[in-house]
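Have a look at the structure below before the remarks.
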Amino acid sequence: MDDGRLDLTPLKPDQEHVDRATEAILARTRGTLAGRQRMQASVWREIPGWGRPLLATAALAALLSVVVLLRVHPPAPRAHVATLSEEAGVPAAFASWVDSGEPPDPATVLDW
């Protein structure tokens, strides 16, 4: 065994080799670094990209909600099909006048 120092100078790369290796590494990582820089830019820039997935999720949630509500509370069968005026809360006497399109008789209005 030799107690003297080892000469490691042949292992030291020249500066040109180090510069080329550095440029090659940076060239391979530019895309990743640019992506990280874009992500750090702002949350507000990322929100428009989520528009379509959020709308699709909202539509799916609405559809599932309707299905669940129809299973839990099925619509009751109706004997009488109400008109739009009756559904809006217009009294039946007035609803018939509105649906017919003719003015009501003044005596009928006074009797009501």
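Throw me the Rg/Rh for segment 66-112, computed over C-alpha atoms with Kirkwood Rh, two decimals. Present the calculation step by step, with values, prior to reporting the outcome.
Details: Rg = 16.2 Å, Rh = 13.2 Å.
Using only Cα positions, Rg/Rh for segment 66-112 is 1.23.
Would you kindly compute the Cα radius of gyration of segment 28-73 and its largest Cα-Cα separation (Dmax), both in Å?
So, for segment 28-73, Rg and Dmax equal 18.5, 60 Å respectively.
Quick one: check the C-alpha center-to-center distance for segment 11-31 versus segment 49-112, whole angstrom.
72 Å
So what's the back-of-envelope 222 nm ellipticity for the chain, counting only DSSP H runs of four-plus at -39500 (n - 2.57) apiece and dividing by all residues, rounded to 500?
Numbers: 6 runs with 72 residues, N = 112.
Per the formula, -20000 deg cm²/dmol.
Rounded to the nearest 10 degrees, what's the angle between the helix 15-41 long axis and the longest principal axis of the chain, both from Cα atoms, 0 to 90?
10 degrees
Using the Kirkwood radius over C-alpha pairs as Rh, can you work out the diffusion coefficient of the chain via Stokes-Einstein at 25 °C, viscosity 0.890 mPa s, in µm² per second?
Diffusion coefficient, whole number: 102 µm²/s.
FYI, it's all coordinate maths here, none of it is from the lab. All values derive from a computational prediction rather than experimental measurement.
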